[in-house]
Structure formats: C-alpha cells, structure tokens
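These notes are about the structure you will find just below.
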Amino acid sequence: MLIKLDSLIELAKTASEKAYAPYSSFPVGCVILSSKGKTYTGCNIENISFGLTICAERAAVSKGISEEGPGLKIQKVVVFTPTKLPITPCGACRQVLREFGDNFEIISACLTDKRIEGNISFFLPNSPDIKF
C-alpha cells in the first residue's frame, strides 16, 4: 500500500495539534511509516523540568515499538511544525530514529511549501549501522 506524502504530512500536522507545549508554545508532530506500511504518530510532550520533555519523533518511535515490537523498521519519517520554515529533528531524535532503520527518508514540513528532505545519513552523517 502506497501512502502519499501529502497524507503523511497531514497526519503529522494533526499530531502537532495534540502537542502538550505550555512552556515553549512550539507544537511538533511526527508520523513514522514502518516497513510494514503502518503509521505511528507522535507529538511533543513538555514538562516543567524541560529535560523530561519527549519530542514528537521519540513519541512516534515509542508508539511504533509498542505496536510492532523491537523489530520496527522505519521506512519514512515526516515531521511537521506550524512555522514558515521547516524544523529538523534534534540530535537526540536523529540518534533514536537511526536505531530503527538504515537508509530511510526524513521530511521536515511546515505551513508553507518549503521542506527539508534527506535520508538519515544526511541528517546524522557517519552513523554506523551497529546492532549489539
């Protein structure tokens, strides 16, 4: 089953609308498309102790793992922010995403038609494919 990019962006946008972001007022939504063709959404969930905040990307990975188990393989990631320019995943999220796929695509979308697109190696260069 082929899921169109516009549909994935809409899922990520809808996820961003559910974000709990009372401290930053910066909602983020994410959708992960797994190799099984399933989608998993996530939004950022802030905490007054900011280090305990969960990013949208990691929330989506958590949902994917809880549904598919540790064999989750990411095929595509779409991140949405309600901004004029796209925002890419943070370094921690890039590392967590990398754990569950090899050469998958990441698309950062926003309110305009501007996007940042690339594979995980573009966003996290020199990351080895090491599984312990």
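Of the set (1) of a type in the set (D, E, K, R); (2) surrounded by fewer than 18 Cβ atoms within 10 Å (Cβ to Cβ); (3) in contact (Cβ under 8 Å) with a residue 40 or more places away in the chain, all apply to Glu57 but (2). Just so you know, in segment 38-49 the residues that are loosely packed, with under 13 Cβ neighbours inside 10 Å and not β-branched (Val, Ile, Thr) include one that is farthest from Gly64 (Cα to Cα), and it is Ser49. Screening Gly101 on (1) crowded, with 19+ Cβ neighbours inside 10 Å; (2) modelled with pLDDT of 95 or more; (3) under 23 Å from Ser127 (Cβ atoms) shows it passes everything except condition (2). Applying the criterion of being part of a helix (DSSP H, G or I) and aliphatic (A, V, I, L, M) to the residues of segment 1-37, the residue that is surrounded by the fewest Cβ atoms within 10 Å (Cβ to Cβ) is Leu5. Figure legend. Inter-residue proximity from segment 3-29: first residues under 13 Å from Val77 (Cβ atoms) and among the hydrophobic types (A, V, I, L, M, F, W, C), second residues at pLDDT below 95 and surrounded by fewer than 15 Cβ atoms within 10 Å (Cβ to Cβ), beta-carbon distance below 7 Å, spacing 6+ or different chains. No pairs are indicated.
Quick one: how many residues across segment 116-132 are surrounded by 15 or more Cβ atoms within 10 Å (Cβ to Cβ) and not hydrophobic (A, V, I, L, M, F, W, C)? Going through segment 116-132 one residue at a time, the tally reaches 0. Could you go through segment 74-87 and let me know if any residue there is more than 28 Å from Pro125 (Cβ to Cβ), free of Cβ contacts under 8 Å to residues at least 60 places away in the same chain and under 14 Å from the mean Cα position of the chain (by Cα). Taking every residue of segment 74-87 in turn, none turns out to be more than 28 Å from Pro125 (Cβ to Cβ), free of Cβ contacts under 8 Å to residues at least 60 places away in the same chain and under 14 Å from the mean Cα position of the chain (by Cα). Applying the condition of being within 16 Å of Ala56 (Cβ to Cβ) and of a type in the set (Gly, Ala, Ser) to segment 94-122 and asking which residue is nearest to the chain's Cα centre (by Cα) yields Ser108.
The values are calculated or read from the model by the stated rules, or taken from the named source; none is laboratory data. On a predicted model such as this, the values are computed, not experimentally measured, just so you know. All Cβ positions, even for glycine, are placed from backbone atoms using ideal geometry, and neighbour counts span all protein chains on display.
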